[in-house]
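*Asks:* Supplied in structure tokens, the structure appears directly below.
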Amino acid sequence: MNQAPTQPELFGIAAEYADDTALLEAARQARAAGYTAMEAYSPIPVHGLYEVMGGKRTILPLITLAGGILGLLAGYWLQIWVSAIEYPINVGGRPYITWGAFFPIGFACTILGAGLSTFVAMFAMNNFPEPYHPIFNTPNFEEATRDRYFLCIEATDPKFDRKAVHEFLSGTQAAAVSEVKT
Amino acid sequence: MATDASKYQEDALGQVDVMLAPGQTFESIDRDITDIVLTNKAPKAWWIGLGISGALMGVLMLSVVMLLFFGVGIWGINSPVGWGIAIVNMVWWIGIGHAGTLISAILFLFRQDWRTSINRFAEAMTLFAVSAAGLFPVLHLGRPWMVYWFFPYPNTLGMYPQFRSPLMWDVFAISAYATISALFWYIGMVPDLATMRDRAKLKIQKIIYGIFAMGWRGSATHWHRYEVAYLLFAGLATPLVVSVHSIVALDFAASVIPGWHTTIFPPYFVAGAVFSGFAMVLTLTIPLRKIYHLENFITLRHIDNMSKIMLANGLIVFYGYLNEVFFFFYSAHEFEMYMIWNRMTGPYAWSFWALIFCNGIVPQLLWMRRIRRNTIAIFFIAIVINIGMWLERFVIVVTSLHRDFLPSSWGMYTPTGWDWALYAGSAGFFLFAMFLFLRWVPMISIFEVKEVVHKMEHKH
């Protein structure tokens, strides 16, 4: 009675490519074959890749807008509160709320709010900082920041079948196909 | 590839226009840029530079301690010139910083691919220049330990800052600018830090770059968000940089002093900032590309383009000078006319004419292509422009203040040794930070250069 060796759980199967056109083509084929849980890795942004994989446009610009508006309101509120409510100074009957003179600070706060929210949102959406990720177990993956391109079909995919995915990826222009352990 | 780079450049002079030397692969780009940082042997010039700037850092410490101990009386400022070279230096440094944002944000929005070789470096310059600038208004306060009074916080004094003053606008604009510049710089660097992590040979390097890379793995989703964020940042930094120097200009223009009270100040300060900033970028780039053999990345085309931007901004600045002179006379305003006459013929006339020479006449050499492609000539022209831009602020600050409305309140201003020591010290701080940056961080954006190489390959 031979016990099958316990397989470490699989994160996915990754294929390595020499250039971006091969990766783009493979992603297109994978999408056509019905895979949905996949991710591509590249040393430079590959245009169209995200869309090919079925990615939706990020809502980041909306967060920036919201951050900017919030910054503007906060900047104006600070100045209005201080100049008209908390510490009003009557200078020859001039108005307390001088929106024009408040604009430069309001503007600086707008940019600051928009910038900070973009920065935080981008990293939060990417789930950074995340020093460990299973994909780093892929053989040769340190080349993904140099000149190699990777496509990984993940085990969470409903259509995932170890053998079929292996065969499918070998059928693309992959230079190597390997299993990625979690 | 690195070996025949300089030869190629010579061949290219005046004939082929290259943005990056040909024949580069992603691998060679990685090697050429990361090796500078990952090696345990820094070039001799780096050690010499670090030593000199480190010594100047000592001068900075000493002059700050002296200032804190004895007060601003050790400077040359007095009535009527209360804003001495401390303010001159502050405006000068802030202006220098602006070129970095222009290169990283505005040229990005205009899709100027050549910016990729210089943007990282120029942004670092922005950060350190803004930090150096920040020293001066704080130390000029008289009681620098009360600097937190700048900020509106609830306090038992029941006092708040005056938000209608351009000086308060400055506090907000400059701190927002420094923050946004730092974030923009860091965002732009994350993929390269991941490259550094993967290229590093020592464990400690892997760990440190790994921490700062935050686990970047170049996934398509991340790249998508990253590119959107970068574009947004460029869009935010562009109006910010214009507003910052406009507000610095309003520090002067909102007052009633003849020579300061003009509407042309904000635009002409912005142009001057870009002018001096590019001069500083060139002053630093030219020796660097030589020392680190970066001729493959920073080609004569870069020097040429930067010189053109410098020339264009120089002309705007020069137009500003002429326009000022015209309007002071055209105003028929007794004090304004006296101010400009005093500027040109009074006790500080030397600074005015030196300024015209440095910023008006010398930059005209940049019309010549032969000069724009001669690194040594450009290096010296850039230094002359740096001096010129410093003189510009000196002329604005000192000649306007020293003789205002009442002859009985006229006076002279001479900077003391401690004034100069603090200035030298701030330069030491700036250079020291630059040298550390060169040693620890890839000074050229690796992935952006790769993108450009990739684009060029696919064009052919």
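The values are calculated or read from the model by the stated rules, or taken from the named source; none is laboratory data. As the structure is a computational prediction, the values presented were derived from the model and not from experiment. For neighbour counting, all protein chains shown are included, and Cβ atoms are generated from backbone atoms with ideal geometry for every residue, glycine included.
*Asks:* What residue, of A:Ala175, A:Ala101, A:Ala84, A:Ala124, is small (Gly, Ala, Ser) and either surrounded by 16 or more Cβ atoms within 10 Å (Cβ to Cβ) or within 8 Å of another protein chain (Cβ to nearest Cβ) (or both)?
*Replies:* Numbers: A:Ala175 fails: either surrounded by 16 or more Cβ atoms within 10 Å (Cβ to Cβ) or within 8 Å of another protein chain (Cβ to nearest Cβ) (or both); A:Ala84 fails: either surrounded by 16 or more Cβ atoms within 10 Å (Cβ to Cβ) or within 8 Å of another protein chain (Cβ to nearest Cβ) (or both); A:Ala124 fails: either surrounded by 16 or more Cβ atoms within 10 Å (Cβ to Cβ) or within 8 Å of another protein chain (Cβ to nearest Cβ) (or both).
Testing whether each residue is small (Gly, Ala, Ser) and either surrounded by 16 or more Cβ atoms within 10 Å (Cβ to Cβ) or within 8 Å of another protein chain (Cβ to nearest Cβ) (or both) leaves just A:Ala101.
*Asks:* Sticking with this one: Kindly evaluate B:Pro239 against the criterion of being closer than 16 Å to B:Glu392 by Cα, within 14 Å of another protein chain (Cβ to nearest Cβ), assigned to a helix (DSSP H, G or I) and free of Cβ contacts under 8 Å to residues at least 24 places away in the same chain.
*Replies:* Numbers: closer than 16 Å to B:Glu392 by Cα: no; within 14 Å of another protein chain (Cβ to nearest Cβ): yes; assigned to a helix (DSSP H, G or I): yes; free of Cβ contacts under 8 Å to residues at least 24 places away in the same chain: yes.
No, not satisfied.
*Asks:* Taking the criterion of being of a type outside the set (Asp, Glu), within 22 Å of B:Ile118 (Cα to Cα), part of a helix (DSSP H, G or I) and at the interface with chain A (Cβ under 8 Å from one of its Cβ atoms), would at least one residue in segment B:200-222 satisfy it?
*Replies:* The first filter runs over segment B:200-222 and keeps only residues of a type outside the set (Asp, Glu), leaving B:200-222.
Then keep just the ones that are within 22 Å of B:Ile118 (Cα to Cα); that gives B:209, B:212-213.
Applying the additional criterion that residues be part of a helix (DSSP H, G or I) yields B:209, B:212-213.
So of that shortlist, the ones also at the interface with chain A (Cβ under 8 Å from one of its Cβ atoms) come out as none.
Looking through segment B:200-222, none of the residues is of a type outside the set (Asp, Glu), within 22 Å of B:Ile118 (Cα to Cα), part of a helix (DSSP H, G or I) and at the interface with chain A (Cβ under 8 Å from one of its Cβ atoms).
*Asks:* Within the bounds of segment A:142-156, is there any residue that is part of a loop (DSSP other than H, G, I, E, B) and touching a strand residue (DSSP E or B) at 6+ places or on another chain (Cβ under 7 Å)? Walk me through it before giving the result.
*Replies:* Filtering segment A:142-156 for residues part of a loop (DSSP other than H, G, I, E, B) gives A:146-148, A:155-156.
Then keep just the ones that are touching a strand residue (DSSP E or B) at 6+ places or on another chain (Cβ under 7 Å); that gives A:148, A:155.
Among the residues of segment A:142-156, at least one is part of a loop (DSSP other than H, G, I, E, B) and touching a strand residue (DSSP E or B) at 6+ places or on another chain (Cβ under 7 Å), which makes the answer yes.
*Asks:* Consider B:Ile36 against the criteria (1) at pLDDT 90 or above; (2) assigned to a helix (DSSP H, G or I); (3) aliphatic (A, V, I, L, M): it satisfies all of them except one. Which criterion is unmet?
*Replies:* (1)
*Asks:* Condition first: among the hydrophobic types (A, V, I, L, M, F, W, C) and within 28 Å of the chain's Cα centre (by Cα). Now tell me which residues in segment B:401-416 satisfy that.
*Replies:* Let us first name the residues in segment B:401-416 that are among the hydrophobic types (A, V, I, L, M, F, W, C), namely B:401, B:405-406, B:410, B:412.
Answer for segment B:401-416, where residues must be among the hydrophobic types (A, V, I, L, M, F, W, C) and within 28 Å of the chain's Cα centre (by Cα): just B:Leu401.
*Asks:* What number of residues in segment A:127-151 are closer than 30 Å to B:Leu236 by Cα, within 7 Å of chain B (Cβ to nearest Cβ) and surrounded by fewer than 19 Cβ atoms within 10 Å (Cβ to Cβ)? Don't jump to the end; show me each part of the working.
*Replies:* Applying the first criterion (closer than 30 Å to B:Leu236 by Cα) to segment A:127-151 yields A:127-131, A:145.
If we keep only those that are within 7 Å of chain B (Cβ to nearest Cβ) as well, we get A:128-131, A:145.
Checking the rest, the ones that are also surrounded by fewer than 19 Cβ atoms within 10 Å (Cβ to Cβ) come to A:128-131.
Result for segment A:127-151: 4.
*Asks:* Can you name the residue in segment B:261-297 that is among the β-branched types (Val, Ile, Thr) and under 18 Å from B:Met434 (Cα atoms) and is also farthest from the chain's Cα centre (by Cα) among such residues?
*Replies:* For segment B:261-297, the residue satisfying everything is B:Ile291.
Residue-by-condition table, conditions (1) in contact (Cβ under 8 Å) with a residue 40 or more places away in the chain; (2) of a type in the set (Phe, Trp, Tyr); (3) not in a helix (DSSP H, G or I):
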{"site": "B:Ser307", "(1), (2), (3)": "yes, no, no"}
{"site": "B:Gly314", "(1), (2), (3)": "yes, no, no"}
{"site": "B:Glu324", "(1), (2), (3)": "yes, no, no"}
{"site": "B:Trp341", "(1), (2), (3)": "no, yes, no"}
{"site": "B:Gly360", "(1), (2), (3)": "yes, no, no"}
{"site": "B:Phe379", "(1), (2), (3)": "yes, yes, no"}
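*Asks:* Moving on. Considering A:Ala22, A:Ala30, A:Ala40, A:Ala26, which residue is crowded, with 18+ Cβ neighbours inside 10 Å and not in a helix (DSSP H, G or I)?
*Replies:* Answer to the selection: A:Ala40.
*Asks:* Can you name every residue in segment A:103-141 that is in contact (Cβ under 8 Å) with a residue 60 or more places away in the chain and either out of contact with any Ser or Thr (no Cβ under 9 Å at 6 or more places or on another chain) or assigned to a helix (DSSP H, G or I) (or both)?
*Replies:* Within segment A:103-141, A:Ala121, A:Met122, A:Met125, A:Pro134, A:Ile135, A:Asn137, A:Phe141 meet the criteria.
*Asks:* Could you look through segment B:222-266, keep only residues that are crowded, with 18+ Cβ neighbours inside 10 Å and touching a Gly at 6+ places or on another chain (Cβ under 7 Å), and pick out the one that is farthest from B:Asp192 (Cα to Cα)?
*Replies:* Among residues in segment B:222-266 that are crowded, with 18+ Cβ neighbours inside 10 Å and touching a Gly at 6+ places or on another chain (Cβ under 7 Å), the one farthest from B:Asp192 (Cα to Cα) is B:His245.
*Asks:* What do you reckon, is B:Glu451 touching a residue at least 12 places away in the same chain (Cβ under 8 Å) and of a type outside the set (Ser, Thr, Tyr)? Quick ask: steps written out before the conclusion?
*Replies:* On the way: touching a residue at least 12 places away in the same chain (Cβ under 8 Å): yes; of a type outside the set (Ser, Thr, Tyr): yes.
When the stated conditions are applied, B:Glu451 passes them.
*Asks:* State whether one or more residues within segment B:166-177 are surrounded by 14 or more Cβ atoms within 10 Å (Cβ to Cβ), among the hydroxyl-bearing types (Ser, Thr, Tyr) and assigned to a helix (DSSP H, G or I). Working first, answer last.
*Replies:* Step one: of segment B:166-177, the residues surrounded by 14 or more Cβ atoms within 10 Å (Cβ to Cβ) are B:166-177.
Of the ones still in play, those that are also among the hydroxyl-bearing types (Ser, Thr, Tyr) are B:175, B:177.
After this cut, where a residue has to be assigned to a helix (DSSP H, G or I) as well, the list is B:175, B:177.
Yes, that holds for at least one residue.
*Asks:* How do the pairs read when you match residues in segment B:171-186 that are more than 13 Å from B:Val248 (Cβ to Cβ) with residues anywhere that are of a type in the set (D, E, K, R), using Cβ under 6 Å and keeping only pairs 6 or more apart or on different chains?
*Replies:* B:Trp185/B:Glu123
*Asks:* Another one. For segment B:397-410, which positions are in contact with a helix residue (DSSP H, G or I) (Cβ under 7 Å, 6 or more places away or on another chain) and more than 13 Å from B:Gly82 (Cα to Cα)?
*Replies:* First, pick out the residues of segment B:397-410 that are in contact with a helix residue (DSSP H, G or I) (Cβ under 7 Å, 6 or more places away or on another chain): B:397, B:399-400, B:403, B:405, B:410.
Of everything in segment B:397-410, just one residue is in contact with a helix residue (DSSP H, G or I) (Cβ under 7 Å, 6 or more places away or on another chain) and more than 13 Å from B:Gly82 (Cα to Cα), namely B:Phe405.
*Asks:* Sticking with this structure for a sec: Looking at segment B:435-460 only, could you name the residues that are surrounded by fewer than 21 Cβ atoms within 10 Å (Cβ to Cβ) and assigned to a loop (DSSP other than H, G, I, E, B)?
*Replies:* Listed by number, the residues that qualify are B:Val441, B:His460.
*Asks:* Quick check: anything in segment A:132-143 within 26 Å of B:Asp192 (Cα to Cα), in contact with a helix residue (DSSP H, G or I) (Cβ under 7 Å, 6 or more places away or on another chain) and among the acidic types (Asp, Glu)? Working first, answer last.
*Replies:* First pass over segment A:132-143, keeping only residues within 26 Å of B:Asp192 (Cα to Cα): A:132-143.
Subsequent filtering for residues that are in contact with a helix residue (DSSP H, G or I) (Cβ under 7 Å, 6 or more places away or on another chain) retains A:135, A:141-142.
In the following step, the residues that additionally are among the acidic types (Asp, Glu) were identified as A:142.
Yes, some residue in segment A:132-143 is within 26 Å of B:Asp192 (Cα to Cα), in contact with a helix residue (DSSP H, G or I) (Cβ under 7 Å, 6 or more places away or on another chain) and among the acidic types (Asp, Glu).
*Asks:* I've got another one for you. Among the residues of segment A:104-121 satisfying the criterion of being more than 9 Å from chain B (Cβ to nearest Cβ) and farther than 19 Å from B:Trp169 by Cβ, which is farthest from the chain's Cα centre (by Cα)?
*Replies:* Per the criteria, the residue is A:Ser117.
*Asks:* Here is a further query. From the residues in segment A:43-69 that are within 11 Å of chain B (Cβ to nearest Cβ), of a type outside the set (S, T, N, Q) and over 27 Å from B:Val452 (Cα atoms), which one is surrounded by the most Cβ atoms within 10 Å (Cβ to Cβ)? Full working, then the answer.
*Replies:* Initial filter on segment A:43-69 (within 11 Å of chain B (Cβ to nearest Cβ)): A:43-65, A:67-68.
Of the ones still in play, those that are also of a type outside the set (S, T, N, Q) are A:43-57, A:59-63, A:65, A:67-68.
If we keep only those that are over 27 Å from B:Val452 (Cα atoms) as well, we get A:59, A:62-63, A:65, A:67-68.
Values: A:Ile59: 13, A:Leu62: 10, A:Ile63: 20, A:Leu65: 14, A:Gly67: 24, A:Gly68: 21.
Going through the qualifying residues, I end up with A:Gly67.
Here is a yes/no grid of residues against (1) within 13 Å of chain A (Cβ to nearest Cβ); (2) under 25 Å from B:Ala21 (Cα atoms); (3) over 19 Å from the mean Cα position of the chain (by Cα):
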| residue | (1), (2), (3) |
| --- | --- |
| B:Trp418 | no, no, yes |
| B:Leu422 | no, no, no |
| B:Gly425 | no, no, no |
| B:Phe430 | no, no, no |
| B:Leu438 | no, yes, no |
| B:Ser445 | yes, yes, no |
| B:Val449 | yes, yes, yes |
| B:Val452 | yes, yes, yes |
| B:Lys455 | yes, yes, yes |
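*Asks:* A further question on this structure: For B:Arg111, state whether it is surrounded by fewer than 17 Cβ atoms within 10 Å (Cβ to Cβ) and over 20 Å from B:Ala249 (Cα atoms). Talk me through it step by step, then tell me what you get.
*Replies:* On the way: surrounded by fewer than 17 Cβ atoms within 10 Å (Cβ to Cβ): yes; over 20 Å from B:Ala249 (Cα atoms): yes.
Yes; evaluated as a whole, the condition is true for this residue.
*Asks:* Also, quick follow-up: Of these, B:Phe184, B:Phe163, B:Phe136, which one is in a helix (DSSP H, G or I) and farther than 14 Å from B:His98 by Cβ? Walk me through how you get there before you give the answer.
*Replies:* Working: B:Phe184 fails: farther than 14 Å from B:His98 by Cβ; B:Phe163 fails: in a helix (DSSP H, G or I).
Selected residue: B:Phe136, the only one of B:Phe184, B:Phe163, B:Phe136 that is in a helix (DSSP H, G or I) and farther than 14 Å from B:His98 by Cβ.
*Asks:* Then there is this: Residues of segment B:242-260 being under 19 Å from the mean Cα position of the chain (by Cα) and facing another protein chain (nearest Cβ under 10 Å), which ones?
*Replies:* In the first step, residues of segment B:242-260 are kept if they are under 19 Å from the mean Cα position of the chain (by Cα); the result is B:242-249.
Correct list: B:Ser243, B:Val244, B:Ser246, B:Ile247.
*Asks:* Same structure again: Can you give me the number of residues within segment B:146-170 that are of a type in the set (Phe, Trp, Tyr), more than 10 Å from every other protein chain (Cβ to nearest Cβ) and free of Cβ contacts under 8 Å to residues at least 12 places away in the same chain?
*Replies:* Looking only at that region, the number is 2.
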